[in-house]
Amino acid sequence: MNDINKSRIKLSQIRALVAIADWGNFSEAGSQLEISQSAVSHAIATLEAELGVVLLSRGRHGAHLTPVGESIAAHARQVLQLLDAIYKEANLAKGLQGGQVRIACFRSVATHILPTVIARFRQNYPNITINISEDETISSIEQCLREGYADIGFTYLPTSDEFEAWEILRDDYILLLPPTTQLKSHQISWKDLSNYPLIVSSLNPCNTRARKCLALSEYPLSIAYEIKEDSTIVSMVQQGLGAGILPRLAAEPIPPGVKLCNLPVPLTRVIGVAILAAALHPPAVYAFLDAVRNTGRFAVKAAV
C-alpha cells in the first residue's frame, strides 16, 4: 500500500467533496462552487486517487457518499470551518475590530505615559488587545522591534534609519538632593555639586549622558554609585547617601523631603515612539500611534 501524499490534497478537492455531500449531484455542486460539473468530477476523482478509497457511489439518481466518504466528508467540513476561522482572524487583525498591539518600552514611559494613552485608545477600540513589555535598555527595545516581538517601541531620538520615529516629549535631567540640603535656589554650581557623592544610572544611554555632562565640570566630581533601578537611586538620595542624577520622568514619584534642582548645564533626553520602517503594520498599530502622538505630551505635563 502506498502512503498518502498529504501535500497533493487540495482545498478545491475538499470543497468539492463537501458540496457533493450537501447537494447530492455534480451539477448542483458545480453551480454552488461556480465551476463546471466536469471540474467537480475531476476534483473528486483525483481526491479518491490520492486517498486510495472510493468516496462516492455514482448512479442515475446522482452521487451518494460511501461510508468512508461520509467519515471523510465530516473531517472535510472541519477543515473548511478552520479555514473560515483563519480568514476571520486575519480580517480582524487587518481591521480595527480586533487584533493586538505589542509595545516595548522602559519603566518611566510605562508608568507615566502609557496608562493615559491606553485609556483613551480603548474608548475608541475596546476590542484591540494591548501587550506591554518593559525592557531595561533602549538597545533591547529596538531589538524587539527588529525581531518582530514588538510592533511599537519607545526609544531615544535620534535613532537609526531602520526605524520610522516621532518625537513625543523632551524630558530634562534633574539633580535630586537629600532632605538635609539647604537650597538657596533651584540652580547648583559645579563647585557645590562637587561636595556630594553622586548616584547615577548604570544603564546606557543614561549613564553615558550623565558622564558626558559631568565631564564638563571644572571641579573634580565623584560618582560613588551606579545603580540600575531608578527607584533605588531616589531612595538612596532620600537616605542622604548622595545626590542623584535622573530624568525627571524617571524620578517620579519624588518622595517628600527630597530636593530638586537643575544641573549646572542643561541635559535632556528626547523620547520618541518608533516602528520598524520596512515592516507591514496593521491599522491597529497606526491607530495606537495616533493616540500616543495626541496624548503623550499631555501625560508628561500631568506627571510633572
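The values are calculated or read from the model by the stated rules, or taken from the named source; none is laboratory data. The model shown is predicted, which means the values in this text are computed figures rather than measured ones. Using ideal geometry, Cβ is built from the backbone for each residue, glycine included, and neighbour counts are taken over all protein chains shown. For the accessible areas, the whole protein counts, side chains as well, though only heavy atoms, and no ligand, DNA or RNA atoms are used. Shrake-Rupley method; radii C 1.70, N 1.55, O 1.52, S 1.80 Å.
Among the residues of region 165-177, what is the count of those that are open to solvent by 10 Å² or more (accessible area, probe 1.4 Å), hydrophobic (A, V, I, L, M, F, W, C) and under 15 Å from T268 (Cα atoms)?
Total satisfying the criteria: 0.
Of the residues L114, L96, only one is surrounded by 15 or more Cβ atoms within 10 Å (Cβ to Cβ) and touching a strand residue (DSSP E or B) at 6+ places or on another chain (Cβ under 8 Å); which? If you could, list the steps in order and put the result at the bottom.
Numbers: L96 fails: touching a strand residue (DSSP E or B) at 6+ places or on another chain (Cβ under 8 Å).
Only one candidate qualifies: L114.
Of the residues T208, T180, only one is free of Cβ contacts under 8 Å to residues at least 24 places away in the same chain, open to solvent by 20 Å² or more (accessible area, probe 1.4 Å) and β-branched (V, I, T); which?
Of the residues listed, the single one that is free of Cβ contacts under 8 Å to residues at least 24 places away in the same chain, open to solvent by 20 Å² or more (accessible area, probe 1.4 Å) and β-branched (V, I, T) is T208.
Does any residue of region 271-283 turn out to be under 25 Å from T116 (Cα atoms), open to solvent by less than 30 Å² (accessible area, probe 1.4 Å), outside any strand (DSSP E or B) and at pLDDT 95 or above?
No, the conditions are met nowhere in region 271-283.
For region 57-64, indicate whether the set of residues that are assigned to a helix (DSSP H, G or I) and open to solvent by less than 80 Å² (accessible area, probe 1.4 Å) is non-empty. Break it down into steps so the answer makes sense when it comes.
As a first pass, look at region 57-64 and keep what is assigned to a helix (DSSP H, G or I): none.
Checking region 57-64: not a single residue is assigned to a helix (DSSP H, G or I) and open to solvent by less than 80 Å² (accessible area, probe 1.4 Å).
Could you list, in sequence order, all residues of region 95-129 that are closer than 19 Å to P282 by Cβ, in contact (Cβ under 8 Å) with a residue 40 or more places away in the chain and part of a strand (DSSP E or B)?
Matches in region 95-129: Q100, V101, R102, I103, A104.
Looking at region 130-164 only, could you name the residues that are in a strand (DSSP E or B) and buried (at least 19 other Cβ atoms within 10 Å of the Cβ)?
Hits for region 130-164 are I152, G153, F154, T155, Y156, F163.
Within region 222-255, which residues are outside any helix (DSSP H, G or I), without any contact (Cβ under 8 Å) to a residue 40 or more places away in the chain and not charged (D, E, K, R)? Quick ask: steps written out before the conclusion?
Pass one, region 222-255, residues outside any helix (DSSP H, G or I): 222-229, 239-247, 252-255.
Pick out the ones that are also without any contact (Cβ under 8 Å) to a residue 40 or more places away in the chain and you get 222-227, 229, 253, 255.
Listed by number, the residues that qualify are S222, I223, A224, Y225, I227, P253, P255.
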